[in-house]
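The values are calculated or read from the model by the stated rules, or taken from the named source; none is laboratory data. Owing to the predicted nature of the structure, the values given are computational and were not obtained by experimental measurement. Glycine gets a Cβ as well: all are built from the backbone with ideal geometry, and neighbour counts include every protein chain shown. Only protein heavy atoms, including side chains, enter the accessible area calculation; ligands, DNA and RNA are left aside. Shrake-Rupley method; radii C 1.70, N 1.55, O 1.52, S 1.80 Å.
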Amino acid sequence: MALRRIRDPHTAELLDRGLVVWFPGPQSFTGEDCMELHVHGGPAVVSGVLRALGRLSGLRPAEPGEFTRRAFHRGKLDLTAAEGLRDLIHAETEAQRQQALRQMEGELGRLYQQWGETLTQALAHIEAYIDFSEDDNVEEEVLSQVDAAVQTLEQEIAAHLQDGRRGELLRSGVRAVIAGPPNVGKSSLLNLLCQRPAAIVSPVAGTTRDVVEVSLNVSGYPVVLSGTAGLRDATDPIEQEGVSRARDRLQHADLVLAVLDATTVPTEPAELGAALGSLVPPTTPCILVLNKADLLRGHTGVLCDASTHRPPLPPTTLLSCKTGEGTDSLLQLLGQQLAKLCGDPLAGSPSLTQSRHSTQLGGCMAALALYRQQQDVGMAAEQLRLARRHLGRITGHVGAEDILDVIFRDFCIGK
């Protein structure tokens with residue numbers, strides 16, 4: 001690294017004074033010889049340097065993700081690490097950064113590589129049995145050992161797949177939906193959480209007709225929060241469409257903030273549970289928000305008693321969107337629910353982060369299931385080859401060319 005005057009090679013004009021950094025291969029990021037120019041960030045300086053470089057023979061601007069792609073082709077990282085780097089570039093929350101960095105460091109790739117090595121060893125033992133069993137050089141029990149190894153592998157992959165989509169939720173954001181009857185303060189709650197007037201607030205029932213969507217960072221977790229139309233039997237065609245869209249969002253929600261009016265909500269736990277059940281899909285995690293607590297004038301005892309009876313009620317909090325009272329309690333409950341959904345990105349085995357991983361692991365599991373059904377040893381070996389091929393597609397060691405463009409196109413220019 002050296003501080004140097006940077007000049008146009010054709011005119012010798014001084015363009016800037018900056019750092020010149022040389023990265024000799026194979027220790028560089030790409031494994032190739034690389035040089036970086038660290039110049040001042042003004043548009044005129046950057047434009048002048050780029051113009052000068054563009055006039056040099058053999059130089060061209062890098063394609064999106066090209067450096068990472070070169071690193072992949074030279075074995076500096078596998079596809080899971082490249083995906084982790086892409087996610088790190090786009091990370092907006094602390095938890096996203098932690099998960100992406102962990103994947104970029106190769107933890108997920110090493111897990112899949114370990115499973116691939118297990119299959120390779122099992123396949124080698126089966127092929128040895130096929131080739132040499134007649135010569136009594138391979139014991140019969142080798143097949144039992146392979147069966148045990150495959151069974152253990154199936155259990156590990158099944159547990160990995162059944163993680164509640166934690167990694168995918170953390171990567172793409174938890175889809176949270178604010179739902180409730182008209183005029184209970186749903187739009188006010190949306191504005192309170194995003195701290196800006198994202199939705200129109202009006203005392204007229206049915207003001208919200210469409211879905212209003214905002215992205216939030218709550219306790220380090222990414223949330224895609226949707227404000228929806230009030231749920232009721234509407235007669236107006238436009239409001240009917242809004243209610244239909246609201247119900248559709250609820251069917252795809254990862255978390256529901258169910259809002260009810262604290263001044264009119266039933267105080268009996270069973271009736272309160274019934275009112276909630278009409279809003280929230282039965283298997284979707286939920287937080288019950290009893291809004292307009294400021295209108296209770298301190299008479300919250302009976303309502304608090306009702307809301308603490310569980311089951312059937314989910315985590316519940318009193319809130320006043322008008323005064324802000326109860327906001328901290330709501331954010332605490334929301335953070336707890338997000339932590340349950342996304343998990344700790346630094347704890348345990350690395351999580352699935354891509355749908356393509358799930359697809360290939362599903363194919364691997366299907367091949368292992370067929371392996372157990374085979375009576376012919378040769379056909380069983382073929383199923384192990386297929387299972388290993390599915391794992392190899394995740395890391396890029398087998399048949400990766402068809403997905404390389406999809407992965408690398410989402411990088412920033414150059415990286």
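Residue-by-condition table, conditions (1) within 19 Å of the chain's Cα centre (by Cα); (2) among the aliphatic types (A, V, I, L, M):
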| position | (1), (2) |
| --- | --- |
| P43 | no, no |
| E94 | yes, no |
| M104 | yes, yes |
| G109 | yes, no |
| H125 | no, no |
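Taken as a whole, the structure places R196 among residues that are open to solvent by 40 Å² or more (accessible area, probe 1.4 Å), at pLDDT 85 or above and out of contact with any His (no Cβ under 8 Å at 6 or more places or on another chain). The sole residue among A81, A128, A95, A122 that is of a type in the set (A, V, I, L, M, F, W, C), open to solvent by less than 40 Å² (accessible area, probe 1.4 Å) and touching a strand residue (DSSP E or B) at 6+ places or on another chain (Cβ under 8 Å) is A95.
Take the residues in the range 302-332 that are of a type in the set (A, V, I, L, M) and at pLDDT below 60; name whichever of them is surrounded by the fewest Cβ atoms within 10 Å (Cβ to Cβ). Applying the filter and picking the extreme gives V302. Within the range 173-193, being in a strand (DSSP E or B) and open to solvent by less than 30 Å² (accessible area, probe 1.4 Å) holds for V174, A176, V177, I178, A179. In the range 121-149, the residues that are on the phi < 0 side of the Ramachandran plot reach residues that are in a loop (DSSP other than H, G, I, E, B) and modelled with pLDDT under 75 with C-beta atoms within less than 6 angstrom, at least six apart or across chains, in these pairs: A128/V138; Y129/V138; F132/V138. Within the range 8-40, the set of residues being loosely packed, with under 11 Cβ neighbours inside 10 Å and β-branched (V, I, T) comprises just one member, T11. Picking from residues in the range 348-373 that are small (G, A, S) and under 16 Å from the mean Cα position of the chain (by Cα), the one that is modelled with the highest pLDDT is S358. Show the residue pairs meeting these rules: Cβ distance below 7 Å; 6+ apart or different chains; first residue within the range 65-88 and without any contact (Cβ under 8 Å) to a residue 24 or more places away in the chain; second residue among the small types (G, A, S). Every condition considered, the pairs that remain are L88/A100. Filtered by the rule that a residue be closer than 16 Å to T120 by Cα and either touching a Lys or Arg at 6+ places or on another chain (Cβ under 6 Å) or among the charged types (D, E, K, R) (or both), the range 370-386 gives E382, R385.
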